[in-house]
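In what follows, a single structure is set out as structure tokens and then discussed.
The values are calculated or read from the model by the stated rules, or taken from the named source; none is laboratory data. Predicted, not measured: the structure shown is a model, and the values here were computed from it. Every residue, glycine among them, receives a Cβ derived from its backbone with ideal geometry; neighbour counts consider all protein chains shown. Just so you know, the surface numbers come from the protein's heavy atoms only, side chains and all, with ligands and any DNA or RNA stripped out. Shrake-Rupley method; radii C 1.70, N 1.55, O 1.52, S 1.80 Å.
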Amino acid sequence: MSFLQDPSFFTMGMWSIGAGAIGAAAVALLLANTDIFLSKPQEAALEYLEDIDLKTLEKEPRTFKAKELWEKNGAVIMAVRRPGCFLCREEAADLSSLKPKLDELGVPLYAVVKEQVRTEVRDFQPYFKGEIFLDEQKKFYGPQRRKMMFMGFVRLGVWYNFFRAWSGGFSGNLEGEGFILGGVFVVGPGKQGILLEHREKEFGDKVNPDSVLEAARRIKPQTSASEKK
């Protein structure tokens with residue numbers, strides 16, 4: 001047992017423990033930057049979206065079924081993760097840049113939020129050029145609700161998204177729930193169905209505006225019975 005009295009033995013032991021800890025941290029960091037531990041989104045059926053209850057944000061809110069949003073002309077809908085998030089504001093501004101072209105196509109632009117916190121929705125509106133509704137049951141964030149917790153802060157993609165939004169001059173705050181991931185939908189009128197379903201996989205994983213516009217151009221406006229005659 002004389003080796004226990006040798007200082008070099010303990011030095012080697014500490015180095016081994018340190019190297020092991022660094023190796024484990026490196027593996028954890030590597031895995032956190034893959035999609036292995038990301039929850040896989042479940043695609044939403046048209047019938048699921050149609051039955052969602054939404055509320056207007058007026059003093060006397062009206063509750064209605066979500067299908068009213070796209071029943072006649074289709075719609076582009078953003079499910080906002082958190083109105084105060086500067087990444088969400090960046091995506092909202094990107095979608096709003098499409099508004100003139102969407103107007104030409106006759107396709108409205110909407111957003112849904114999962115909560116009303118102080119003036120967060122009102123402060124979000126300068127970035128989003130469409131009507132905003134409340135989805136209290138968070139159905140637009142389902143059918144399988146996905147969350148990204150603190151793992152998001154060790155993902156290189158998230159830090160790239162942070163830098164991109166900061167460089168673009170966007171800012172925000174920490175008000176409200178921001179872990180439930182959002183998305184963007186393009187839905188055709190009637191039973192044409194869901195033409196695009198983008199699910200945020202990490203903070204700042206925004207939809208490609210060109211894909212939104214391409215899907216909106218595939219929308220076929222509903223023809224009324226009188227027009228058919």
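For every residue, the table says whether it meets (1) at pLDDT 95 or above; (2) loosely packed, with under 14 Cβ neighbours inside 10 Å; (3) in a loop (DSSP other than H, G, I, E, B).
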residue	(1), (2), (3)
26	no, yes, no
40	no, yes, yes
47	yes, yes, no
94	yes, no, no
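Modelled with pLDDT under 95, within 26 Å of residue 99 (Cα to Cα), part of a loop (DSSP other than H, G, I, E, B) and assigned by the TED database to the domain that holds residue 85: does that describe residue 190? Break it down stepwise before answering.
Values: modelled with pLDDT under 95: yes; within 26 Å of residue 99 (Cα to Cα): yes; part of a loop (DSSP other than H, G, I, E, B): yes; assigned by the TED database to the domain that holds residue 85: yes.
So residue 190 fits the description; yes.
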### Query
Out of segment 193-211, which residues are of a type outside the set (D, E, K, R), assigned to a loop (DSSP other than H, G, I, E, B) and within 16 Å of the chain's Cα centre (by Cα)?
203, 204, 207, 208
### Odd one out for residue 80, checked against (1) among the aliphatic types (A, V, I, L, M); (2) in contact with an Asp or Glu (Cβ under 6 Å, 6 or more places away or on another chain); (3) crowded, with 21+ Cβ neighbours inside 10 Å
(2)
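Select from segment 96-120 the residues that are among the aliphatic types (A, V, I, L, M) and modelled with pLDDT of 95 or more and write down the one among them that is farthest from residue 135 (Cα to Cα).
Looking only at segment 96-120, we keep the residues that are among the aliphatic types (A, V, I, L, M), and these are 98, 102, 105, 107, 109, 111-113, 117.
So of that shortlist, the ones also modelled with pLDDT of 95 or more come out as 98, 102, 105, 107, 109, 111-113.
Working: 98: 24, 102: 23, 105: 26, 107: 21, 109: 16, 111: 10, 112: 6, 113: 6 Å.
Per the stated criteria, the residue is 105.
Restricting to segment 164-177, name every residue that is in a helix (DSSP H, G or I) and open to solvent by 70 Å² or more (accessible area, probe 1.4 Å). Can you show your working first?
Let us first name the residues in segment 164-177 that are in a helix (DSSP H, G or I), namely 164-167.
Answer for segment 164-177, where residues must be in a helix (DSSP H, G or I) and open to solvent by 70 Å² or more (accessible area, probe 1.4 Å): 166, 167.
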### Task
Give the number of residues within segment 117-163 that are within 14 Å of the chain's Cα centre (by Cα) and not in a loop (DSSP other than H, G, I, E, B).
7
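Residue 136: on the phi < 0 side of the Ramachandran plot, open to solvent by 90 Å² or more (accessible area, probe 1.4 Å) and out of contact with any Phe, Trp or Tyr (no Cβ under 8 Å at 6 or more places or on another chain), yes or no? First the steps, then the outcome.
Numbers: on the phi < 0 side of the Ramachandran plot: yes; open to solvent by 90 Å² or more (accessible area, probe 1.4 Å): yes; out of contact with any Phe, Trp or Tyr (no Cβ under 8 Å at 6 or more places or on another chain): yes.
Yes: the conditions hold for residue 136.
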### Query
Which of (1) closer than 27 Å to residue 98 by Cα; (2) free of Cβ contacts under 8 Å to residues at least 12 places away in the same chain does residue 162 not meet, given it meets every other one?
(2)
### Query
If we keep just the residues of segment 114-131 that are in contact with a helix residue (DSSP H, G or I) (Cβ under 6 Å, 6 or more places away or on another chain) and surrounded by 19 or more Cβ atoms within 10 Å (Cβ to Cβ), which is farthest from residue 68 (Cα to Cα)?
127
### Query
What pairs can you find where one residue is in segment 61-85 and closer than 24 Å to residue 218 by Cα, the other is among the acidic types (Asp, Glu) and open to solvent by less than 10 Å² (accessible area, probe 1.4 Å), and their Cβ atoms are less than 9 Å apart, with a gap of 6+ or different chains?
66/135; 79/135
### Task
Kindly provide the set of residues from segment 89-114 that are out of contact with any strand residue (DSSP E or B) (no Cβ under 8 Å at 6 or more places or on another chain) and either without any contact (Cβ under 8 Å) to a residue 60 or more places away in the chain or within 21 Å of residue 188 (Cβ to Cβ) (or both), ordered by number.
100, 101, 103, 104, 105, 106
